[in-house]
Every structure is written in structure tokens, then in C-alpha cells.
Amino acid sequence: MRVQVVRGDITTQQVDAVVNAANSSLLGGGGVDGAIHAAAGPALLEACRSVRRAQYPTGLPTGEAVATQAGRMTARYIIHTVGPIHEEHEGGGAHLLRQCHASCLQVADELALESLAFPAISCGVYGWSAAEAAPIAVAAVREFESSHPDTSIREVRFVLFNDEVFAAFDAAVRSLGE
């Protein structure tokens, strides 16, 4: 599996699925979530409402993932996950951050997708520093790869919006092997 780190806009990535760092309502928010909802258009909000009605009436739990169609985006799917809020969990909720990535990869594999793009889940308003989150995210990808040798996933891309976050993820990928 190829793991890349790129600086850019996750909403424009040419991948099978884009991961949305969503809030539990799935109904849009700020940051990456707001950008993805804006890029995907109103079809995404309706798809998320449908998921809420059918599967998660009280919201998507932290660490879990669910896929919807991607509306107007070039990706075919959006895989939504809710990251841990650092101050609400002992140790920041590292196990939940790891679970977010593993859950997204599992959903992508079940859909037989070959490529997906992750943002820096839980970094920003959820209080995680990129330096703390990046090794967890990259390790989760590598653990999934080693435990799923027949996965359909060929490429995982971490798409980061600023230099500081890019540097943290780049360092994590380099230290854990490309």
C-alpha cells in the first residue's frame, strides 16, 4: 500500500473516497467537514440525513465510520468518521483516533475501493496537535495493511492544509516507513 502526504485541498483529490472529519450529527460543521459539505452540495446533506434516520438516529459514535455518495465531488464516496475531542478522553482518546482510521479503512475495503484521502482527523478544534495525531494515524494505516494483506486499498493519501500539519504527517510516514 502506498502512503502519501500531500499539501492541498482534500475536496479536489482524485481518489475513490475522501474521509470527512465529521461531527456526530453528520449534518455539516466547520473546517474539513464544512468544506466537504460545500463541495459535495445538497445531495450530501440528504445522504447524511438518510444515514441518521436508518442507522444512527442519535449520531455517529466517535471512532466509527460510515460511507455516503459524494455528491458533486470527483470522489465516488465520502467516508465520515468522528474523531475524539482531546480534552474529553484520558490520553486524548488515542485508541479512538486509531479506531477512526481503522474504521474508515475497513469501510473502504468493504466497498472494494483502491484509494482514499484522509484529513488530519481531530487536529484543530478537537484539540489534537498534528505532532501527536500523525504517528497514530500512520500507524493505524500500517496496522490495517499488515492485518489485511488482501485489501483492495492500494493508496492512502493524507491531505493536509498547512505546512505545520504537513510536516508532522510527513515525519510520521518517514519514521514508520513508506
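Rule-based calculations on the coordinates, nothing more; no lab input. What you see is a predicted model, and the numbers here were worked out from it, not measured in a lab. Neighbour counts are summed over all protein chains in view; Cβ atoms, including those assigned to glycine, are modelled from backbone coordinates with ideal geometry.
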The summed charge of the Ser129 Cβ neighbourhood (under 13 Å; Lys/Arg +1, Asp/Glu -1) stands at -3
Scoring the range 91-158 by relative contact order with C-alpha pairs under 8 Å, at least six apart, yields a percentage of 49
Mind grabbing the base-10 log of I(q)/I(0) for the range 83-143 at q = 0.18, 0.19, 0.23 Å⁻¹? Debye formula, identical points on the C-alpha positions, no solvent, two decimal places. -0.59, -0.65, -0.89
Per the Kirkwood formula over distinct C-alpha pairs, the hydrodynamic radius of the range 61-178 in angstrom is 14.4
Local electrostatic count at Ala70 - Lys and Arg +1, Asp and Glu -1, tallied over other residues with Cβ under 11 Å: +1
Skipping prolines and chain starts, which residues have an amide H placed within reach, meaning under 5 Å, of the one on Arg157, given they are 5 or more residues away or on another chain? Gln4, Leu116, Ala117, Phe118
Packing rank of 14-25, 110-121, 43-54, where each peptide gets the mean count of other beta carbons within 10 Å, highest leading: 14-25, 110-121, 43-54
Contact order normalised by residue count of the chain, Cα under 8 Å, 6+ apart, percent: 31
Where the centroid of each part is defined by its Cα atoms, how far is the range 24-38 from the range 113-171 in Å? 19
Antiparallel %, DSSP beta bridges [both residues in the chain], to 5: 20
